[in-house]
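K.L.:
This is the structure I want to talk about, given as C-alpha cells.
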There are 2 protein chains.
Amino acid sequence: MSSDKLKPVFDKLFPQIDELKPDFINVLKQAVEIPAVSSDESLRPMVVKKAEFLADQLKSLGFHDIQLKELGTQPPPVTNPKLQLPPVVLSRYGNDSNKKTVLVYGHYDVQPAQMEDGWDTEPFELVVDEATQQLKGRGSTDDTGPLTGWLHIVRAHIEAGIEFPVNLITCFEGMEESGSLGLEELIGREATGYFKGVDAVCISDNYWLGTKKPVLTYGLRGCNYYQVTVSGPKADLHSGVFGGVIAEPMVDLMQILSSLVDSQGKILIKGIDEMVAPVTEKEHEIYKKIDFSLEELNEASGSNTALYKTKEDILMHRWRYPSLSVHGVEGAFYGQGAKTVIPAKVNGKFSIRTVPDMDSEKLTQLVVDHCNNAFKKLGSPNTCHAELIHDGAYWVSDPFNAQFTAASKATQVVYGVEPDLTREGGSIPITLTFEQQLKTSVLLLPMGRGDDGAHSINEKLDISNFINGIKLMGAYLHFYAASPEN
Amino acid sequence: MSSDKLKPVFDKLFPQIDELKPDFINVLKQAVEIPAVSSDESLRPMVVKKAEFLADQLKSLGFHDIQLKELGTQPPPVTNPKLQLPPVVLSRYGNDSNKKTVLVYGHYDVQPAQMEDGWDTEPFELVVDEATQQLKGRGSTDDTGPLTGWLHIVRAHIEAGIEFPVNLITCFEGMEESGSLGLEELIGREATGYFKGVDAVCISDNYWLGTKKPVLTYGLRGCNYYQVTVSGPKADLHSGVFGGVIAEPMVDLMQILSSLVDSQGKILIKGIDEMVAPVTEKEHEIYKKIDFSLEELNEASGSNTALYKTKEDILMHRWRYPSLSVHGVEGAFYGQGAKTVIPAKVNGKFSIRTVPDMDSEKLTQLVVDHCNNAFKKLGSPNTCHAELIHDGAYWVSDPFNAQFTAASKATQVVYGVEPDLTREGGSIPITLTFEQQLKTSVLLLPMGRGDDGAHSINEKLDISNFINGIKLMGAYLHFYAASPEN
C-alpha cells in the first residue's frame, strides 16, 4: 500500500501521539522509578514489581490473556538457590483472524546504576531535561522506553478512534541484562502455544548507528568463544629456581596466541576466509548509502587505532566479515607490580565473530586443529588443549522483505528519510531463536540513538526519538498490515 | 690450619653440643612460639617481641653493645601509616683486635601460617617428631633455627670452656619475608659504624640442593623485571562492535611477548648471549661433583617438563645462564569463563635472570630496543612502551677463598664429606649489599635440607641438620680464624 492511502490514518494518529506526549513520559517515569536490576538478587522483588506494573498498564489498555509466565528458579551461581526468575509478560491485543499477528519483544529489566558511578542525576528517576530535550534515567533507552512504546501506540489508536491494524502479542522479559535465562526454552514451548499464528516478530532493543539517521537492522554477527589451555608443572613455580630449566606453559601459550591473528586484523587460521559469503552487488549498494565515517569510529574508540579508512571497509569488517579478538589469559599473573611466578597452567581466551556462511562446527574444528598444530611445532613437553566454550550463531535477514519494506516506508513517513540498512557486530541471540522457533521474519527496529549510553552512566533517550519512535511503531504496523505478503 | 690441630677443640666442642641438644631445642621452641609474621600488620607487636626475646638471649650469653636498631615507619602500602618497622638486632660477642670479626646475618620474622592451610600440627608450636627426628613448625628452618644456631654455638663454647675463635657481630632482621625494608640503608649507614672492621659475612638462610649432601653456596642469579605496555583505545571496548575494525593492543602484545624466548628456553633477544661469561674448566669440575639428577628436578616440578636431561645442563641453566620467564598480563581479562572484551591497555610482564658478566643497564637497553623493534614490525597504530620495573644484581663469590675453604674443611670434619659447591637460581639481594658495602667476602652456609618446605605447610628442620649445623658453624669459625688470609 502506498503512503497516500494511509495518509488520513497518520494525519489523525500522529497529532494524537503528540498530544499524549506528557502522558507517555509519565508512564515511562513510573516504570523507570522501579529499580529492576536483574543482576542484583536483592532487587529481584523490584524486577517482579515492574512486571506487575506492566501487566496493570496492559490491562487498563484492554490487552487480554495477560500472563506473567514463571520460568522457575534461577540456575547457579546464585546466593539464594530458591531465587525465582522474573516472569515473562505475555499478553494479546486483538484477536482478529483477518489481521496479521505481530509479536513484539522487549525487556523490562535494566543494568545496575548508582550515583557513585558518576551519574549527574538519580538513575532511577526519569529526569526531563528541557535544555537538551532528553529523558535521562536508567532504562530510558534500554529498553523501558522502547518497550512502553508498544503500549503507547495502542493507547494512541484508542484515543484517536483508529482501528488497530494487527493483532499484537507482547513478550516482555526481565532477564535480558543477565543472559535471558529461561527465555529460549519458553519460546520453544510457546511456539505452538501462546505464539501460534505469529506472522512477524519486531524487536526494538538496539540503536541507530549514529545520532542523526534512523536505521533498520537486518544482521548480527555470531560469536564462537574459545579457550586454549597449556599445562606444565603441577603447581606454580618460582622463576629463580625453575626459570631456564623447565618448559613454561605461558611461553608456549604466547606462541599459540600470536599465531591466530596479525596486527592488521587478518585471521591466520587457514580455511576461515573460504567460508565467508562473498560481497554481493546489492550489498555494496547498501553500504554506499549508509551515513557513517572514520571520524565516528575514532570518536567511539577514543583513539586513532582504526584498521580501515573508508566507510565501506570499516562497516563491512564490523558487520559482515569475521574478526578474532584475544581477550586475556586465566592462570597467569595479572596484578600490578612484579611477581616472579612461572604459572603452571594458563588458559588463553579468544573469540571469533562469525558471519554467513560460516559453519560453527567446522570453524571449531579449524580452530582446534590450528592450535594443536601451532603447539606441536613448538616441540614443547607441556600439554595443550583447545576447546569451544560457547557459541551463538549469526543472524541475517532479507532487508527487502515485507516487514523491512513496511518499516522503511514508515521511516520515510515519520522521519522523511530512507533508513540506513545496518547490521551489528555483536550478538542478540534471541533474534535467531525467534526466527527459528516461530519460523517468521524478525525486524530490529531501534528507537534510540548511537550515543544513548545504554550500559553507561547518564543513559538517555531523546524526546524526539521517543515520540517519533512511537509514531514509527504505529506506521510500521499499518504498512505491514497492508502489505500483500507476510 | 689442618683439621689435626683443631681436633682437640672439636673433641671437646662437639660432645658439648650434643649434650646441650635439649636446651637448644627448648630455646628454638620458645622462639617459634612467637608468631613473628612480618607481612601481617596486626602481628607486628609479635615481631618486636621476638626481637626482644633474642636480645634477652644474647644478653644472658654475654653479648654486649646490644642494640634494637629502629628503621622508622613502614612505607606505603600500609593500613597504619605510623606502623614501625621491626628493629634489627645488633650485638657483639668479643672485641679482641687480634681476632678476625665475622658478621652473621639471619632473620627472625617468618612467613604466615595457619592450620587451615593444611598443617598437620600447630605451626607456631615447635613439635619434636621422634619418629622422623624432625623439628616441625613455622621458622624451624627459615630462619629461626639457623639464626639461633649462632647463639647456641656461643653457648657451647662457654659451657665447654673453649675460647671463642673470632669476634662475632649479629645482624638479625625482622622484615626479610617482606622485602627486607630498611636493611640496605642500615648496612650502608653502619658500614663505617657498627660494622666497621668486619672481615667476613656469613649468612645461613638457604638450603642444601637435595636432602643428603651438605653444600656451600657461592652464587645467585640476579633479576631484571620488565613491563611492556601496549595502549590503544581510550577504554575497554566490546569485541562485537569493535572486533575487526580497530587494532587490538592484546594482539600486538602477544606478538611482542612471543618474540622474546622460544619453547626450548632460548632467549631470542640479540646481544644477551654475548654478555654471558664462558664456562671455565674449573667450573666444569665443580658441576661434575654435584649430587643431583633429572629425577629430582621432575619431582620438584611435579612434571616431565624439563628442558635438559643431564645434571650439568640443568644446573648450569638454573645457576649460571640467564633465563627469561613470561609472568602474565595486566589489564586483560583474567577470570574464569568468557568475557568479550577488547582490553584498551595491556602490560606484559617478564623477567630475565641475570648472571656474570651481564650489565644491567646494557641488558635493559637490549630489551627495550628488542620490544620497540618487534612492535615496529607490526605496523600497528597502537603505542608501545617497554621499561624496567626493578633489577637486582647477580652475586658470585670465589668458592675457594679463605671463608669457603674454612667452611669446606668444617663440612668435612662434621659430615665427613666434601660439600657440593652450589649456586642458586633465585636472588638474595642482601648478599650483594653486604659484599659491596662492607667490602668483604660473603659465605652462604645453609643448615637445612632442600625439602624443608621453607614457605610451605609443615615446615621442618631435621634434628641432625640442626645439631650438625651448629657444629658446622663452630668448625667454620675455628678454621676461618686459623686461616692466614681474610
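The values are calculated or read from the model by the stated rules, or taken from the named source; none is laboratory data. Worth saying up front: this structure is predicted, and the values here are computed from it rather than measured. Cβ: placed from backbone, ideal geometry, glycine included. Neighbour counts: every protein chain shown.
K.L.:
Pick from B:THR411, B:THR405, B:THR431: which is among the β-branched types (Val, Ile, Thr), more than 12 Å from chain A (Cβ to nearest Cβ), out of contact with any strand residue (DSSP E or B) (no Cβ under 8 Å at 6 or more places or on another chain) and closer than 18 Å to B:TRP208 by Cα? Reasoning before the result, please.
P.N.:
Numbers: B:THR411 fails: out of contact with any strand residue (DSSP E or B) (no Cβ under 8 Å at 6 or more places or on another chain); B:THR431 fails: out of contact with any strand residue (DSSP E or B) (no Cβ under 8 Å at 6 or more places or on another chain).
Testing whether each residue is among the β-branched types (Val, Ile, Thr), more than 12 Å from chain A (Cβ to nearest Cβ), out of contact with any strand residue (DSSP E or B) (no Cβ under 8 Å at 6 or more places or on another chain) and closer than 18 Å to B:TRP208 by Cα leaves just B:THR405.
K.L.:
Go through (1) in contact with a strand residue (DSSP E or B) (Cβ under 7 Å, 6 or more places away or on another chain); (2) facing chain B (nearest Cβ under 7 Å) one by one and return the number of the condition A:TRP319 breaks.
P.N.:
The number of the failed condition is (2).
K.L.:
Can I ask one more? For residues that are among the acidic types (Asp, Glu) and assigned to a strand (DSSP E or B), scanning just the range B:398-426, find the one that is surrounded by the most Cβ atoms within 10 Å (Cβ to Cβ).
P.N.:
Just the residues of the range B:398-426 that are among the acidic types (Asp, Glu), to begin with: B:398, B:418, B:420, B:424.
Cutting the leftovers down to assigned to a strand (DSSP E or B) gives us B:420, B:424.
Details: B:ASP420: 21, B:GLU424: 23.
Residue satisfying both the conditions and the ranking: B:GLU424.
K.L.:
So, one more: Is the range A:277-298 home to any residue that is facing chain B (nearest Cβ under 7 Å), closer than 27 Å to B:GLN227 by Cβ and touching a strand residue (DSSP E or B) at 6+ places or on another chain (Cβ under 7 Å)?
P.N.:
From the range A:277-298, those facing chain B (nearest Cβ under 7 Å) are A:297; that's our starting set.
Then keep just the ones that are closer than 27 Å to B:GLN227 by Cβ; that gives none.
No, there is no match, as no residue in the range A:277-298 is facing chain B (nearest Cβ under 7 Å), closer than 27 Å to B:GLN227 by Cβ and touching a strand residue (DSSP E or B) at 6+ places or on another chain (Cβ under 7 Å).
K.L.:
Additional query: Output the qualifying pairs, or none if there are none: Cβ atoms under 9 angstrom, residues six or more apart or on different chains, first residue in the range B:362-382 and assigned by TED's automatic domain parsing to the domain that holds B:ILE267 and farther than 22 Å from A:GLN264 by Cβ, second residue at pLDDT 95 or above and among the aromatic types (Phe, Trp, Tyr).
P.N.:
Within 9 Å, the pairs are B:THR364/B:TYR226; B:VAL367/B:TYR226; B:VAL367/B:PHE350; B:VAL368/B:TYR226.
K.L.:
How many residues are over 11 Å from the mean Cα position of the chain (by Cα), part of a loop (DSSP other than H, G, I, E, B) and at negative phi if we restrict to the range B:427-445?
P.N.:
Residues that pass the stated criteria total 2.
K.L.:
Which of the numbered conditions does B:LYS234 fail, given that it passes all the others? Conditions: (1) touching a helix residue (DSSP H, G or I) at 6+ places or on another chain (Cβ under 9 Å); (2) more than 18 Å from B:GLY348 (Cβ to Cβ); (3) at pLDDT 95 or above.
P.N.:
Just one mismatch for B:LYS234, condition (3).
K.L.:
Right, next: How many residues does the range B:68-114 contain that are at positive phi and surrounded by 14 or more Cβ atoms within 10 Å (Cβ to Cβ)? Outline the logic, then answer.
P.N.:
Kept after step one, since they are at positive phi, are these residues of the range B:68-114: B:72, B:94.
Still in the running and surrounded by 14 or more Cβ atoms within 10 Å (Cβ to Cβ): B:94.
Number of matching residues: 1.
K.L.:
For the range A:375-397, which positions are part of a loop (DSSP other than H, G, I, E, B) and at pLDDT 95 or above? Don't jump to the end; show me each part of the working.
P.N.:
Of the residues in the range A:375-397, the ones part of a loop (DSSP other than H, G, I, E, B) are A:379-382, A:393-394, A:397.
Once the filter is applied, which keeps residues that are part of a loop (DSSP other than H, G, I, E, B) and at pLDDT 95 or above, the range A:375-397 yields A:GLY379, A:SER380, A:PRO381, A:ASN382, A:TYR394, A:SER397.
K.L.:
So which residues in the range A:261-276 are within 13 Å of chain B (Cβ to nearest Cβ) and on the phi > 0 side of the Ramachandran plot?
P.N.:
Correct list: A:GLY265 only.
K.L.:
Within the range B:116-174, which residues are among the aliphatic types (A, V, I, L, M) and either touching a Lys or Arg at 6+ places or on another chain (Cβ under 9 Å) or part of a loop (DSSP other than H, G, I, E, B) (or both)?
P.N.:
As a first pass, look at the range B:116-174 and keep what is among the aliphatic types (A, V, I, L, M): B:126-128, B:131, B:135, B:147, B:151, B:153-154, B:156, B:158, B:160, B:162, B:166, B:168-169.
If the condition is that a residue be among the aliphatic types (A, V, I, L, M) and either touching a Lys or Arg at 6+ places or on another chain (Cβ under 9 Å) or part of a loop (DSSP other than H, G, I, E, B) (or both), then B:LEU126, B:VAL127, B:VAL128, B:ALA131, B:LEU135, B:ILE153, B:ALA156, B:ALA160, B:ILE162, B:VAL166, B:LEU168, B:ILE169 are the ones that fit.
K.L.:
Quick check on A:PHE195: is it part of a loop (DSSP other than H, G, I, E, B), in contact with a His (Cβ under 8 Å, 6 or more places away or on another chain) and surrounded by fewer than 23 Cβ atoms within 10 Å (Cβ to Cβ)?
P.N.:
No.
K.L.:
Name the residue, out of B:LEU268, B:LEU216, B:LEU220, that is of a type in the set (A, V, I, L, M) and either surrounded by fewer than 19 Cβ atoms within 10 Å (Cβ to Cβ) or within 30 Å of B:PHE375 (Cα to Cα) (or both). Give the derivation first.
P.N.:
Details: B:LEU216 fails: either surrounded by fewer than 19 Cβ atoms within 10 Å (Cβ to Cβ) or within 30 Å of B:PHE375 (Cα to Cα) (or both); B:LEU220 fails: either surrounded by fewer than 19 Cβ atoms within 10 Å (Cβ to Cβ) or within 30 Å of B:PHE375 (Cα to Cα) (or both).
Among B:LEU268, B:LEU216, B:LEU220, only B:LEU268 is of a type in the set (A, V, I, L, M) and either surrounded by fewer than 19 Cβ atoms within 10 Å (Cβ to Cβ) or within 30 Å of B:PHE375 (Cα to Cα) (or both).
K.L.:
(1) among the polar types (S, T, N, Q); (2) surrounded by fewer than 17 Cβ atoms within 10 Å (Cβ to Cβ); (3) in contact with a Pro (Cβ under 8 Å, 6 or more places away or on another chain): which one isn't true of B:SER301, the others all being true?
P.N.:
The single condition B:SER301 does not satisfy is (2).
K.L.:
To continue, here is another question. Within the group A:SER231, A:SER239, which residue is surrounded by fewer than 20 Cβ atoms within 10 Å (Cβ to Cβ), in contact (Cβ under 8 Å) with a residue 60 or more places away in the chain and not aromatic (Phe, Trp, Tyr)? Step through it out loud before you land on a result.
P.N.:
Working: A:SER239 fails: surrounded by fewer than 20 Cβ atoms within 10 Å (Cβ to Cβ).
Residue meeting the stated conditions: A:SER231.
K.L.:
Do we find that B:TYR225 is among the aromatic types (Phe, Trp, Tyr), within 26 Å of A:PHE242 (Cβ to Cβ) and within 14 Å of chain A (Cβ to nearest Cβ) in this structure? Please lay out each step first, then the result.
P.N.:
On the way: among the aromatic types (Phe, Trp, Tyr): yes; within 26 Å of A:PHE242 (Cβ to Cβ): yes; within 14 Å of chain A (Cβ to nearest Cβ): yes.
Yes, satisfied.
K.L.:
If you go through the range A:40-96, how many residues are basic (Lys, Arg) and in a loop (DSSP other than H, G, I, E, B)? If you could, list the steps in order and put the result at the bottom.
P.N.:
Keep residues of the range A:40-96 that are basic (Lys, Arg), which gives A:44, A:49-50, A:59, A:69, A:82, A:92.
Those left that are additionally in a loop (DSSP other than H, G, I, E, B): A:82.
Residues flagged as basic (Lys, Arg) and in a loop (DSSP other than H, G, I, E, B) within the range A:40-96 amount to 1.
K.L.:
So, one more: Is it true that A:VAL355 is in contact (Cβ under 8 Å) with a residue 60 or more places away in the chain, at the interface with chain B (Cβ under 7 Å from one of its Cβ atoms), touching a Phe, Trp or Tyr at 6+ places or on another chain (Cβ under 7 Å) and crowded, with 16+ Cβ neighbours inside 10 Å? Reasoning before the result, please.
P.N.:
On the way: in contact (Cβ under 8 Å) with a residue 60 or more places away in the chain: yes; at the interface with chain B (Cβ under 7 Å from one of its Cβ atoms): no; touching a Phe, Trp or Tyr at 6+ places or on another chain (Cβ under 7 Å): yes; crowded, with 16+ Cβ neighbours inside 10 Å: yes.
The answer is no for A:VAL355.
K.L.:
List pairs: first residue in the range B:247-260 and more than 7 Å from every other protein chain (Cβ to nearest Cβ), second residue in a helix (DSSP H, G or I) anywhere in the structure, Cβ distance under 7 angstrom, at least six positions apart or on different chains.
P.N.:
So the pair list comes out as B:ILE256/B:CYS371; B:ILE256/B:ALA374; B:ILE256/B:PHE375; B:SER259/B:ALA374.
K.L.:
Specify which of the listed residues (B:VAL341, B:VAL326) is at the interface with another protein chain (Cβ under 7 Å from one of its Cβ atoms), over 24 Å from B:GLY453 (Cα atoms) and modelled with pLDDT under 95.
P.N.:
Details: B:VAL326 fails: modelled with pLDDT under 95.
The conditions single out B:VAL341.
K.L.:
Here's a follow-up. Any idea which of (1) under 30 Å from B:ALA482 (Cα atoms); (2) surrounded by 19 or more Cβ atoms within 10 Å (Cβ to Cβ) is the one B:ASN382 doesn't satisfy?
P.N.:
(1)
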